[in-house]
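Novice: Sharing a structure with you now.
The values are calculated or read from the model by the stated rules, or taken from the named source; none is laboratory data. Predicted, not measured: the structure shown is a model, and the values here were computed from it. Ideal geometry is used to build each Cβ from the backbone, glycine not excepted, and the neighbour counts take in all protein chains shown.
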Amino acid sequence: MISVTGVLLSAVALWEIYKFVWTSLGWIKPIRPDDVVMPHTWDMVLELFQPVRRGGSLLILDLSTRSFWTLREALVGFVIGALVGFGLGVLFVRSSMAERAFMPYVVASQTVPILAIAPMVVVWGGRLSIPHWMSVSIIAAYLTFFPVAINTLRGLRSPDPNALELMRSYAAKPSDVLWKLQVPSALPYIFTALKVSATASIVGALIGELPAGFQSGLGRALLTFSQQFAVRSAKLYATVIICAMVGILFVAVVTLIEHRVIKETRELEGQA
Amino acid sequence: MSSLIVDARGVGKIFGSGEARVEALKGIDLSVDSGEFISLIGPSGCGKSTLLRLIADLATPTSGSLSVNAKTPHEARVDQDYGIVFQKATLLDWRTVTKNVELPLEIMDLDDTSTAGEMLDLVQLGEFADHYPWQLSGGMQQRVAIARALVFKPSLLLMDEPFGALDEMTRELMQQEVLRIWRETGTTIIFVTHSIPEAVFLSSRVVVMSRRPGRIAGVIETDLSYPRDEDTRESPAYYTKVTEVREALRRLEH
Amino acid sequence: MTFDPSERDAEILETKDTDFVTAFEGDTPAGTRTPSALRHRVKNLIPAGISFLVVMALWEGAIRVFDVEAFILPAPSLIIERFIATSDVVWGAGWNTFLEAAGGLIGGTMLGVGVAFATIRWAPVREGLMPVAVAANSVPIIALAPIANGMFSITSPVPKMAVVGVVVFFPVMINTTRGLLEVDADELELMRSYAATPREVMRRVRVPHALPYFFSAMKVVAVLSIVFAIVAEYFGGSQDVLGQYILNKASLFVFPDAWAGILVASILGVVLYAAVLLAERLVMPWHVSFRAVDAS
């Protein structure tokens, strides 16, 4: 926590020092230090408490509503993607035939750069009468399921062969082997994938929100406020800060769940 | 030049401080003459590896005086007076066998790399010169490590449980190899092991060490004649010496 | 075998920094992967190629049989047709996007490697950067795209290169640092026994160790650089780039043309990825991934 604060403070200091030095010396390369391109850090924060537009609500309230919208899209996709990924992992570890039949398609699915074509996917979905938010969730799910499936499979295969033989010597049912040995060993792998996917699903949501006609999320706010950069750049900076916080929040929640789940598994094992 | 290769007087080593303070070695007196083959043996935690590492200047004594080739260990290390072999062969994956053996020569800026081939012949790996480490068995890798340690012709060879990871058969072969190399090169060898038969079979003197803090509990002269071979392992004199070392070690437990 | 911590020098253990490596645990270094051979891969390509052709044929057939409209899913033949018909425009846009991606890739890589070396030299740099690197993994970096547009000339490729550079920087920096640090303690002792200088240790032990980690990051970021160049283009700027091309065609519901743009994006991604593979093969022919080939 101290180091995070330290890093944050040094970033602010670097920003302000650069701005001061470059302004004093009249340098404009590589980045022009004026108040448009590089507003003061405190102005970015203060901007949050200004109305979005004349007579509108405060920026921070507007961005909060948008954050909830974006988080919801990302979360829906994230949960679906995680469940599908986990299911595929379990299926593949149980049936090598299923793995041979479907794994190539799971891998091939990643050759489509879904993130790069996210806006097209949303336009396309609109043409097929799929609601915008659902298209965005599908993109988030698509980004999530692959790492989760791969890491689940790897994790389920991670137990020592001796441990599997031990379970065999107990004549354990396949479901016991799965839930008492393989899944607990796979948890660290799964959560590693979930943390990567959490960020990816937020990015996917932001990009999916870019096409016109989609007014609710943070992604659209980035685009709208970037058009007002020359007038009030602090608004865009404030929005970027909120985006970063949303990303960190999502990953932090996943990490928190990870600690709870892994601690509980450890405790259960302790009792057994 | 003195014929005393290693001279330790009252050497001690303490790791950490306060609660975490561990006295690894205490009052070590040891002299090793040129051409000797010395084994350091003792229970794990007796500091035998630490003693070797002090001689190698990979760690510094906290008390006493230690000289290697009549110099400080630091000077001896900088002058490349010793070669060292670890339990792991520690070959660099990205270099061929020859390139691995030439590594110390490169670092010392010696342009003449002809000794590399010579050393590979010495460890009987000449035909594997262009292989990569992963293509060799554990025993062969360790032989490359020995060739690498000898390539700059040091007067002292330090070996830290070099055969600890090998199977028994390979181990006995390697022991013969080391004895042959020792005789052919005349290098002084200090050999850390926790195998009693290995210590007796190889060395001219076995140094028995006790645990926590590590001290020299006794020195046993193994006056079996050289060359030693498979028959030596079955001779009564050998058994007597093995028993003698075993009893010296057992006394430590009481 | 027993391991007694008191027999190990604390100074050497310190150089093995294990906490830091968790910062980028999403990626596996090539060194830990199971050995797979190039020839094996080539053999694997044959069934993959056949199954690709089969899928294409099924796709084409299904669209013809069920008379699927092109806006839902265009037939491969139609995509190829448009790809050829529009090749001037689409490759022109592709080239501009490629420049953005390659510029960001090179810049981000150089910066990442440079900082990685700095973190080895100065431990405080490492300690300061670690929380940033962890946070960077959870921040949607793409949100910087509109800011980059504001900072640099929006119509130039520079803001896109900047975004790609930031995306590339973190994985390269983290993996390279990890590789430079994860050196066997025995190897460091060996070098010490030769009285090797820190520069020698860097050149002969740390750098060769870091190469597999570096290349495993490069394989990831090579593909990401194209993706993020395109995504950055959605935030405005030149129209003659792939992202805008794909989005414009999709907005006009000319999906076959949009798919032709996607095809170009995929080809560019493969080109950059193949370049990294080639470089890897040239730089570290000794590596585990190529072993079965060398042995045969």
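Novice: Restricting the search to the stretch B:134-187, which residues are over 22 Å from B:Thr98 (Cα atoms), free of Cβ contacts under 8 Å to residues at least 24 places away in the same chain and of a type in the set (A, V, I, L, M, F, W, C)?
Specialist: The one that is over 22 Å from B:Thr98 (Cα atoms), free of Cβ contacts under 8 Å to residues at least 24 places away in the same chain and of a type in the set (A, V, I, L, M, F, W, C): B:Met169.
Novice: With respect to C:Pro208, determine if the residue is assigned to a helix (DSSP H, G or I) and within 14 Å of chain A (Cβ to nearest Cβ).
Specialist: no
Novice: Can I ask one more? Name every residue in the stretch A:181-203 that is touching a residue at least 40 places away in the same chain (Cβ under 8 Å), more than 10 Å from chain C (Cβ to nearest Cβ) and more than 26 Å from A:Ser135 (Cα to Cα), in order of residue number.
Specialist: Answer for the stretch A:181-203, where residues must be touching a residue at least 40 places away in the same chain (Cβ under 8 Å), more than 10 Å from chain C (Cβ to nearest Cβ) and more than 26 Å from A:Ser135 (Cα to Cα): A:Gln182, A:Pro184, A:Ala186, A:Leu187.
Novice: If you don't mind, another one. Quickly run through the stretch A:150-188 and pick out the residues that are at pLDDT 85 or above and over 21 Å from A:Thr265 (Cα atoms).
Specialist: Passing the criteria: only A:Ile150.
Novice: Might you let me know whether the stretch A:155-177 holds any residue that is in contact with a Leu (Cβ under 9 Å, 6 or more places away or on another chain), buried (at least 23 other Cβ atoms within 10 Å of the Cβ), away from chain C (no Cβ under 12 Å) and of a type outside the set (Asp, Glu)?
Specialist: yes
Novice: Also: Quick check, is A:Arg66 over 13 Å from the mean Cα position of the chain (by Cα), among the basic types (Lys, Arg) and surrounded by 16 or more Cβ atoms within 10 Å (Cβ to Cβ)?
Specialist: When the stated conditions are applied, A:Arg66 passes them.
Novice: Moving on to the next point. Taking only pairs six or more apart or across chains, which ones have beta-carbon atoms under 7 Å, a first residue in the stretch A:110-138 that is more than 9 Å from every other protein chain (Cβ to nearest Cβ), and a second residue that is assigned to a loop (DSSP other than H, G, I, E, B) and of a type in the set (Asp, Glu)?
Specialist: Qualifying pairs under 7 Å: A:Val136/A:Glu209.
Novice: Could you list all residues from the stretch C:57-76 that are surrounded by 14 or more Cβ atoms within 10 Å (Cβ to Cβ), part of a helix (DSSP H, G or I) and out of contact with any Phe, Trp or Tyr (no Cβ under 7 Å at 6 or more places or on another chain)?
Specialist: Once the filter is applied, which keeps residues that are surrounded by 14 or more Cβ atoms within 10 Å (Cβ to Cβ), part of a helix (DSSP H, G or I) and out of contact with any Phe, Trp or Tyr (no Cβ under 7 Å at 6 or more places or on another chain), the stretch C:57-76 yields C:Trp59, C:Glu60, C:Ile63.
Novice: From the list C:Leu144, C:Leu111, C:Leu129, which one is within 14 Å of chain A (Cβ to nearest Cβ), assigned to a helix (DSSP H, G or I), surrounded by fewer than 24 Cβ atoms within 10 Å (Cβ to Cβ) and under 16 Å from the mean Cα position of the chain (by Cα)?
Specialist: C:Leu111
Novice: Next question. Any residue that is basic (Lys, Arg) and under 30 Å from B:Asp57 (Cα atoms) - is there at least one of those in the stretch C:195-203?
Specialist: yes
Novice: Additional query: How many residues are without any contact (Cβ under 8 Å) to a residue 12 or more places away in the chain and of a type in the set (Lys, Arg) when one looks only at the stretch A:155-179?
Specialist: Number satisfying all stated conditions: 2.
Novice: Looking at (1) farther than 29 Å from A:Ala118 by Cα; (2) at pLDDT below 90; (3) facing another protein chain (nearest Cβ under 8 Å), can you tell me which one C:Ala292 breaks?
Specialist: Unmet condition: (3).
Novice: OK, next. List the helices (runs of 4 or more DSSP H) inside the stretch B:111-185, counting only whole elements, that have at least 2 residues being surrounded by fewer than 22 Cβ atoms within 10 Å (Cβ to Cβ) and charged (D, E, K, R).
Specialist: Passing ranges, in order: B:114-122, B:168-185.
Novice: Can you tell me which residue in the stretch A:222-246 is surrounded by the fewest Cβ atoms within 10 Å (Cβ to Cβ), limited to those that are facing another protein chain (nearest Cβ under 7 Å) and among the small types (Gly, Ala, Ser)?
Specialist: My answer is A:Ala244.
Novice: A follow-up question, please. Tally time: how many residues in the stretch B:61-88 are β-branched (Val, Ile, Thr), touching a strand residue (DSSP E or B) at 6+ places or on another chain (Cβ under 8 Å) and at the interface with chain C (Cβ under 9 Å from one of its Cβ atoms)?
Specialist: 1
Novice: Could you tell me whether any residue of the stretch C:234-243 is assigned to a helix (DSSP H, G or I), facing another protein chain (nearest Cβ under 10 Å), farther than 18 Å from C:Gly108 by Cα and at pLDDT 90 or above?
Specialist: yes
Novice: Turning to a different aspect of this structure: Quick one: B:Ser44 ticks every box in (1) closer than 30 Å to C:Thr197 by Cα; (2) over 14 Å from the mean Cα position of the chain (by Cα); (3) within 11 Å of chain C (Cβ to nearest Cβ) except a single one, so which number is it?
Specialist: Only one criterion is unmet by B:Ser44, namely (1).
Novice: Helices (runs of 4 or more DSSP H) wholly in the stretch A:115-192 with at least 1 residues that are among the polar types (S, T, N, Q) and closer than 25 Å to C:Ile72 by Cβ - which ones?
Specialist: A:132-156
Novice: Here are some conditions: (1) surrounded by fewer than 22 Cβ atoms within 10 Å (Cβ to Cβ); (2) touching a helix residue (DSSP H, G or I) at 6+ places or on another chain (Cβ under 6 Å); (3) modelled with pLDDT of 85 or more; (4) of a type in the set (A, V, I, L, M). B:Ile107 meets all but one. Which one does it not meet?
Specialist: Among (1) surrounded by fewer than 22 Cβ atoms within 10 Å (Cβ to Cβ); (2) touching a helix residue (DSSP H, G or I) at 6+ places or on another chain (Cβ under 6 Å); (3) modelled with pLDDT of 85 or more; (4) of a type in the set (A, V, I, L, M), the lone unmet condition for B:Ile107 is (3).
Novice: Read through the list (1) more than 13 Å from chain A (Cβ to nearest Cβ); (2) out of contact with any Asp or Glu (no Cβ under 7 Å at 6 or more places or on another chain); (3) on the phi < 0 side of the Ramachandran plot, then give the number of the only condition that C:Asp67 fails.
Specialist: (3)
Novice: If you don't mind, there's one more thing I want to ask. Residue check: is A:Leu59 touching an Asp or Glu at 6+ places or on another chain (Cβ under 7 Å) and modelled with pLDDT of 85 or more?
Specialist: So A:Leu59 passes the test.
Novice: Condition test on A:Arg100, is it of a type in the set (Lys, Arg), more than 12 Å from A:Ala205 (Cβ to Cβ) and within 9 Å of another protein chain (Cβ to nearest Cβ)?
Specialist: no
Novice: Here's something else I'd like to know. Is there a residue being within 14 Å of another protein chain (Cβ to nearest Cβ) and either closer than 23 Å to C:Pro140 by Cβ or crowded, with 16+ Cβ neighbours inside 10 Å (or both) anywhere in the stretch A:88-96?
Specialist: No: zero hits.
Novice: For residues that are aliphatic (A, V, I, L, M) and more than 12 Å from C:Ala229 (Cα to Cα), scanning just the stretch C:149-170, find the one that is farthest from the other protein chains (Cβ to nearest Cβ).
Specialist: C:Ile154
Novice: Moving on. Within the stretch C:171-193, is even one residue under 25 Å from A:Val37 (Cβ atoms) and either touching a Gly at 6+ places or on another chain (Cβ under 7 Å) or within 11 Å of chain A (Cβ to nearest Cβ) (or both)?
Specialist: Within the stretch C:171-193, not a single residue is under 25 Å from A:Val37 (Cβ atoms) and either touching a Gly at 6+ places or on another chain (Cβ under 7 Å) or within 11 Å of chain A (Cβ to nearest Cβ) (or both).
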